[in-house]
Amino acid sequence: MVSLILFDDAVSRRWQPFALTRPGGELRFGAFITRRRAERVFGARCVAHLGPDHLLGFEEGDAPPVLGYADAPADGDRLFLSARAVPAWGSGEVWAARRGGAGALIVDGEVAGWFAPDGTPAPGPEFFDSPPTILDRTGAVELEGRMIGPVWELMSGNPAQVTADVAALFPDAGTAALPAGSHQFGEHPLLLGQGAQVEPCVVFDTTAGPIWLDDGVTVKAFTRLAGPAYVGRNSIVLGGHLEAVTIGEGCRIRGEFAQSVCLNYVNKAHDGHIGHAYLGAWVNLGAETTNSDLKNNYGPVRLWTPAGEQDTGELKVGCFLGDHVKTGIGLLLNTGTVVGAGSNLYGALLPPKYVPPFSWGTGEDLTAYRVDKFLDVAGRAMARRKVTLSDSAAGQLRRAWDVSR
């Protein structure tokens, strides 16, 4: 049995503000976090993430542990795969038909991983940092798919990936039965998972892509949801206009939410525009929190990154909010704003376009959020959803706080 190990390379380690608190394999792209997609494609269980030391102790749901690069598993058949790799559905069959022993895995022409049979060593840390672009490709397996590049591609490439995920998993899907008073129009499928509930006065627009409501999802009256869209298990859509979105598990979403992604337990229970955005886990947005996603001059948006401000080449980029970010009522966010994990922003003044992790304050007047206070609030917020902030997870967040100072 092959063990799957995902690793963060030099590119995914720059996926801030998310890389401070979670490995890249635990980020959503399309209808899945990248780990779960890889597990399904290759028919293998992911036993570990390889990442930097500040992620050691990461704990969330069924996620495997994070190990340091020098501690890569050494026994058994192992497939080491970049967290940026999105192998095409069906490429698992190509993988299963491989011949030979150790060798590279190539996705979209880029070295995306390495297969190490039992009795052979794992690649060294230098491989995980930057898989070589030129190497002996004897025994290499080439797969269709894509490699995610800079962090904004997690947002911009998401709608197409939702469409691909639904088409691959539900090739014969049609139109779900809806209660009287709710309607669907468009040629793409509408999928309702077990226990999904749709109230009257809901409109589903599948003209541009499919819609998948996973198990236990509730869609309240006066919602218009346009595909391609995925809504995760036990999430509630409370009303408003949503289009081209991926919503994680246990979320509460209302208002205008467009071309955006959120991880688990995001609370946007009030009106306000969030567009072309990516929201980390446990984000809580105060009523009428709104982001701009288009510059007044209609030019490409520049975004803060750890390597400096970069031109995204995108005309629409909203905000990127790290895990456990909280906003007060009426907060406004400028085009291309990055807010570090654990920050608490409030007031009527625009915060800067880059807010360092664990910041507290209004506008430019930001101070460091005390780690003990942050962990106390995070634990209480999680307990409201019957999730416990474990000692391991709290320790990992404390390390993230330490390295961000």
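The values are calculated or read from the model by the stated rules, or taken from the named source; none is laboratory data. Please read all numbers here as calculations on a predicted model, not as lab measurements. Quick reminder, even Gly has a Cβ in these numbers, built from the backbone with ideal geometry, and neighbours come from all protein chains shown. Surface areas here come from the heavy atoms of the whole protein model, side chains and all, with no ligands, DNA or RNA. Shrake-Rupley method; radii C 1.70, N 1.55, O 1.52, S 1.80 Å.
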Does anything in the stretch 360-385 have its amide N under 12 Å from the 7 Å Cα→Cβ label point of Arg405, and if so which residues?
368-372
At a 1.4 Å probe, what is the % contribution of carbon and sulfur to the accessible area of the stretch 252-381?
52
Please give the peptides 184-190, 249-255 ranked by average Cβ packing (other Cβ atoms within 10 Å per residue), highest first, as a rough proxy for protection.
249-255, 184-190
For the stretch 175-308, what's the radius of gyration and Dmax over Cα atoms, in angstrom?
15.1, 53
Hey, what do the phi angles of the stretch 55-70 turn into as Karplus ³J(HN,Hα) couplings, whole Hz, using 6.51/-1.76/1.60 and θ = phi - 60°, x for Gly and Pro?
9, 4, x, 3, 8, 7, x, 9, 5, x, x, 9, 10, x, 4, 6
May I ask for the percentage of alpha-carbon pairs in the stretch 68-163 that lie more than 19 Å from each other?
44
Which log10 I(q)/I(0) values does the stretch 295-340 give at q = 0.17, 0.26, 0.29 Å⁻¹ under the Debye formula, counting every alpha carbon as one identical point scatterer?
-0.54, -1.00, -1.11
Placing +1 on the Cβ of each Lys and Arg and -1 on the Cβ of each Asp and Glu in the stretch 329-405, which of Gln396, Gly363, Gly340 has its Cα farthest towards the positive end of the resulting dipole?
Gln396
Per-residue HN-Hα couplings for the stretch 20-31 [Karplus 6.51, -1.76, 1.60; θ = phi - 60°; Hz; x = Gly/Pro]:
6, 10, 7, x, x, x, 9, 9, 7, 8, x, 8
Relative compactness, the chain, computed as alpha-carbon Rg over 2.2 N^0.38 Å
0.97
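How much space per residue, in cubic angstrom, does the convex hull of the C-alpha atoms of the stretch 155-254 take up? The partial results should precede the final answer.
Numbers: hull volume 8.2 nm³, N = 100.
Cα convex hull per residue, to the nearest whole number: 82 Å³.
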For the stretch 318-405, evaluate the Debye formula with one uniform point scatterer on each Cα (no solvent term) and list log10 I(q)/I(0) at q = 0.11, 0.24, 0.25 Å⁻¹, rounded to two decimals.
-0.30, -1.18, -1.24
Given 10 °C, 1.306 mPa s and a Kirkwood radius over Cα pairs, the Stokes-Einstein diffusion coefficient of the stretch 14-145 in µm²/s is 104
Spelling out what I want: for every residue of the stretch 188-198, take phi, set θ = phi - 60°, compute 6.51 cos²θ - 1.76 cosθ + 1.60 (Karplus), and round to whole Hz; glycine and proline get x.
7, x, 10, 10, 10, x, 4, x, 5, 10, 10
